[in-house]
Amino acid sequence: MKLLRACLLLCLLIGHLSWAQATPVVLDEHRQGRLLSEPGSLQWLVDDTGTMTPDDLRDPAHAGRFVSATSPPRRSGSAQPHWFKVELEQRAESGDWVLATQSTALKDVRFYGPFDAQGRALAPPVHTGLSQPFATRPLGSERYLMRLELPGPGTYTVYARLLGETAPILGLSVWDTAEYLQWRQHKRLFDGICYGILLALLVYNLALAGSFRDPTYGFYIGQCAFALLTLASFNGHAAHYLWGQWPWWQERGHVVLPSLWLLFGALFARSFLDTRRVPRLDGLLRAVGTLAACTALLGLLGWFATAQALNEFTASAGALLAAVAAVAILRRGFMPARWYLGGQALLFLSALGVVLVNWKVIDAPFLLANGLQIGVAAEMVVFAIALSRRISDLRASQIQLRLHAAHLAQAAATDPLTGLANRAGLAQSAARVLTDGAPHALMLLDLDRFKPINDRHGHDAGDAVLRAVAARLQAHIRADDTAARLGGDEFVVLLANPLTDEQLEALARRLDAAVRQPVDFQGQALTVGASAGIARSPRDGRTLTELMRNADQAMYQAKQARSGHAFWKGASS
């Protein structure tokens, strides 16, 4: 008796499962779209031979091969087509519906039906896909679909044959036609916003690349451009507006464009983060870029399944390596690496959201349809900010280097004891002053009675006198003039603007009087004098060397005559 009851329960369970597998989708309850993923709503089988027809599928011998699953099948990575059987129930007197694919990455798509209860086809078959021109797609839709105009209430059957080596999921959804067209307009609007963001970033960084000549900008532009084309290809807009009459490239674009995106992403990561400072990670990122380039070549050759698998591996490995490299570079003090990590995190979170929706952990159809492009747009915006921060840091470093170089140059041209120009500083000033051919003057001063101060009071006293003399000379000349110490107790004043002989003589007397003022050193008044020789340009020479030589001779004449100063008279004697 117990055995009989168990058999009855088993029969009831089997009957229930069979009924569940044959449950039609009630169209009137799903006008705003329904993904066919519940048990009974989608049945599928793999066409091992690739030669099956709808007539074969309707044969009882094959009808039992259909499998009902809780989710659409994922691609097998092979060229085997998948057949789908969908039973639809309409309760209204008439209806206008569409049965649409979830992916645009399908090589060949064929719809048959709808078949009514008597097995009659109510519409001609639809044959479209990446291998066909875009004009074959009903309603000009980016996704592949079949329009179902049902004449009355009843149950209808549709067969769909999908072949896609690179499509992540082979699924179908059913919509009211008006609702689908409205959803498509909203989708286009959102896609356009994302495209606009990427185009704006592309143009902006093109301009910056022309200004800064930094290869990092070139890699960013490549990454942004191929990310934009990849999104347009995945969304179907590239086929719609760019290469819809070129099926050969429609197929290859789905794997080649992501490969090039990954290639430029690796190049951008290496250049932006300067991973040469971490040789092992740099080598791995180089390998990721090489693999992406090889994958693009495989895609061009038509090895779609292999290329897609490599793209998925490269994307995962490349993102992980780039994140590790960013952390390593951040620990070395490169702060813009934080922005790079932020961009990577946004893309990862968007991709994670899409995965969670696919796994039905969360219910967010909008995220499923737009998650990838939201993440890409957000990532590229953050990368653009990271680039600007990097350039700001580089410019700050360059300014620091220039200031340091200017400081070193000034130090090299300055006498460390007195703060006046040294010989190099005097030569630089002369190069500016003496090139205009105008009359200028040079005054060479040699201190009198300086050696006894050094001998009697020491070098500290002598240094104090030299500093005091330098300050007094600087106080009595104009801003454009140059005071220099040549070494020992010799000073030079190069006068930038012309002065008459009378003015030069008056200046020489003022400088002599200033030099003779006592210098207080540890309570003692130290006094020196000065003998000055004056040479004029261009009358007494046109170069600094000539003026120095002539002023030196005039200075010795002043010492001999004890006149305090003397003009060079050689040119008129």
Inset, instruction - Answer yes if at least one residue in the range 84-100 is modelled with pLDDT under 90 and either among the polar types (S, T, N, Q) or more than 49 Å from the chain's Cα centre (by Cα) (or both), and no otherwise. - result: no
Inset, instruction - Can you tell me which residue among Leu201, Leu262, Leu267, Leu189 is free of Cβ contacts under 8 Å to residues at least 40 places away in the same chain, open to solvent by 10 Å² or more (accessible area, probe 1.4 Å) and out of contact with any strand residue (DSSP E or B) (no Cβ under 9 Å at 6 or more places or on another chain)? - result: Leu189
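Restricting to the range 129-167, count the residues that are farther than 17 Å from Val98 by Cα, surrounded by fewer than 22 Cβ atoms within 10 Å (Cβ to Cβ) and touching an Asp or Glu at 6+ places or on another chain (Cβ under 9 Å). First the steps, then the outcome.
Restricting attention to the range 129-167, the residues satisfying the condition of being farther than 17 Å from Val98 by Cα are 130-135, 163-167.
Keeping just the survivors that are surrounded by fewer than 22 Cβ atoms within 10 Å (Cβ to Cβ) gives 131-133, 135.
Going one step further and asking which of them are touching an Asp or Glu at 6+ places or on another chain (Cβ under 9 Å), we end up with 131-132.
Residues flagged as farther than 17 Å from Val98 by Cα, surrounded by fewer than 22 Cβ atoms within 10 Å (Cβ to Cβ) and touching an Asp or Glu at 6+ places or on another chain (Cβ under 9 Å) within the range 129-167 amount to 2.
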Legend entry - Residue ID - nearest to Pro498 (Cα to Cα), chosen from residues in the range 537-556 that are open to solvent by less than 70 Å² (accessible area, probe 1.4 Å) and hydroxyl-bearing (Ser, Thr, Tyr): Ser537
Inset, instruction - Report, by residue number, each residue of the range 523-536 that is open to solvent by 20 Å² or more (accessible area, probe 1.4 Å), assigned to a loop (DSSP other than H, G, I, E, B) and at negative phi. - result: Thr527
Inset, instruction - Within the range 97-121, count every residue that is farther than 26 Å from Leu231 by Cα and open to solvent by 10 Å² or more (accessible area, probe 1.4 Å). - result: 8
Legend entry - Residue list for the range 160-171, restricted to those being assigned to a strand (DSSP E or B) and modelled with pLDDT under 90: Ile169
Inset, instruction - Among the numbered conditions (1) touching an Asp or Glu at 6+ places or on another chain (Cβ under 9 Å); (2) under 20 Å from Glu379 (Cα atoms), tell me where Leu321 comes up short. - result: (1)
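Looking only at the range 502-521, which residues are touching a residue at least 60 places away in the same chain (Cβ under 8 Å) and more than 28 Å from Ala424 (Cα to Cα)?
The answer is Phe521, and nothing else.
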Legend entry - Number of positions in the range 344-367 that are open to solvent by 40 Å² or more (accessible area, probe 1.4 Å), under 30 Å from Ser173 (Cβ atoms) and either without any contact (Cβ under 8 Å) to a residue 12 or more places away in the chain or among the basic types (Lys, Arg) (or both): 9
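Just one of Asp455, Asp480 is under 60 Å from the mean Cα position of the chain (by Cα) and among the acidic types (Asp, Glu); which is it? Give the steps one after another, and end with the answer.
Numbers: Asp455 fails: under 60 Å from the mean Cα position of the chain (by Cα).
None of the other options fit; the residue is Asp480.
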Inset, instruction - Could you grab me the full set of residues in the range 270-294 that are surrounded by fewer than 21 Cβ atoms within 10 Å (Cβ to Cβ) and of a type in the set (Ser, Thr, Tyr)? - result: Ser271, Thr290
Legend entry - Residues (under 22 Å from Met555 (Cα atoms) and open to solvent by less than 40 Å² (accessible area, probe 1.4 Å)) located in the range 455-468: Gly462, Val465, Leu466, Ala468
Inset, instruction - Could you grab me the full set of residues in the range 29-45 that are at pLDDT 70 or above, part of a loop (DSSP other than H, G, I, E, B), of a type in the set (S, T, N, Q) and crowded, with 17+ Cβ neighbours inside 10 Å? - result: Ser41
Legend entry - Scan of the range 383-425 for residues that are polar (S, T, N, Q) and touching a helix residue (DSSP H, G or I) at 6+ places or on another chain (Cβ under 9 Å), ordered by number: Ser388, Gln410, Thr414, Thr418, Asn422
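What's the total number of residues in the range 321-343 that are within 22 Å of Gln373 (Cβ to Cβ) and either surrounded by fewer than 21 Cβ atoms within 10 Å (Cβ to Cβ) or hydrophobic (A, V, I, L, M, F, W, C) (or both)? Working first, answer last.
At the first step, the residues of the range 321-343 found to be within 22 Å of Gln373 (Cβ to Cβ) are 322-323, 339-343.
Next cut, either surrounded by fewer than 21 Cβ atoms within 10 Å (Cβ to Cβ) or hydrophobic (A, V, I, L, M, F, W, C) (or both) only: 322-323, 339, 341-342.
So the count comes out to 5.
If I go through the range 401-434 residue by residue, how many of them are charged (D, E, K, R) and modelled with pLDDT under 85? Give the derivation first.
The initial filter retains those residues of the range 401-434 that are charged (D, E, K, R), namely 402, 415, 423, 432.
Add one more test, that the residue is modelled with pLDDT under 85, and what stays is 402.
Going through the range 401-434 one residue at a time, the tally reaches 1.
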Inset, instruction - Would you mind telling me which numbered condition in (1) over 29 Å from Thr306 (Cβ atoms); (2) surrounded by 15 or more Cβ atoms within 10 Å (Cβ to Cβ) Phe234 fails? - result: (1)
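I need a count of the residues in the range 550-573 that are outside any loop (DSSP other than H, G, I, E, B) and in contact with a strand residue (DSSP E or B) (Cβ under 8 Å, 6 or more places away or on another chain).
Residues meeting the conditions: 13.
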Inset, instruction - Could you tell me which of the residues Arg402, Arg432 is surrounded by fewer than 17 Cβ atoms within 10 Å (Cβ to Cβ), charged (D, E, K, R) and within 12 Å of Thr482 (Cβ to Cβ)? - result: Arg432
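In the range 173-186, which residue that is open to solvent by less than 40 Å² (accessible area, probe 1.4 Å) and either of a type in the set (Asp, Glu) or assigned to a helix (DSSP H, G or I) (or both) is nearest to Val25 (Cα to Cα)? Spell out the reasoning first.
Within the range 173-186, the first condition is being open to solvent by less than 40 Å² (accessible area, probe 1.4 Å), and the residues that meet it are 173-177, 180, 184.
Retained after the next criterion (residues that are either of a type in the set (Asp, Glu) or assigned to a helix (DSSP H, G or I) (or both)): 176-177, 180, 184.
Working: Asp176: 13, Thr177: 16, Tyr180: 17, Arg184: 22 Å.
Here the answer is Asp176.
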Inset, instruction - Tally the residues that are of a type outside the set (D, E, K, R), in contact with a helix residue (DSSP H, G or I) (Cβ under 9 Å, 6 or more places away or on another chain) and buried (at least 18 other Cβ atoms within 10 Å of the Cβ), restricting the search to the range 469-485. - result: 6
Inset, instruction - Give me a count of the residues in the range 237-259 that are farther than 18 Å from Ser141 by Cβ, touching a residue at least 12 places away in the same chain (Cβ under 8 Å) and either open to solvent by 30 Å² or more (accessible area, probe 1.4 Å) or charged (D, E, K, R) (or both). - result: 2
Inset, instruction - Output the qualifying pairs, or none if there are none: Cβ atoms under 8 angstrom, residues six or more apart or on different chains, first residue in the range 421-450 and in contact (Cβ under 8 Å) with a residue 12 or more places away in the chain, second residue of a type in the set (Gly, Ala, Ser) and open to solvent by 50 Å² or more (accessible area, probe 1.4 Å). - result: Ala424/Ala412
Inset, instruction - Give, as residue ranges, the helices (runs of 4 or more DSSP H) completely inside the range 237-315 that count at least 2 residues that are within 13 Å of Phe226 (Cβ to Cβ). - result: 247-273, 279-300
Inset, instruction - Please state which of the following conditions Gly564 fails to meet, knowing it meets all the rest: (1) open to solvent by 60 Å² or more (accessible area, probe 1.4 Å); (2) touching a residue at least 40 places away in the same chain (Cβ under 8 Å); (3) at positive phi. - result: (1)
Legend entry - Pairs where the first residue, in the range 207-218, is surrounded by fewer than 15 Cβ atoms within 10 Å (Cβ to Cβ) and the second is of a type in the set (S, T, N, Q) and outside any helix (DSSP H, G or I), C-beta under 7 Å, 6+ apart: none
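The values are calculated or read from the model by the stated rules, or taken from the named source; none is laboratory data. Quantities reported herein were computed from a predicted structural model and do not represent experimental measurements. For neighbour counting, all protein chains shown are included, and Cβ atoms are generated from backbone atoms with ideal geometry for every residue, glycine included. Note: areas computed on protein heavy atoms with side chains; ligands, DNA, RNA excluded. Shrake-Rupley method; radii C 1.70, N 1.55, O 1.52, S 1.80 Å.
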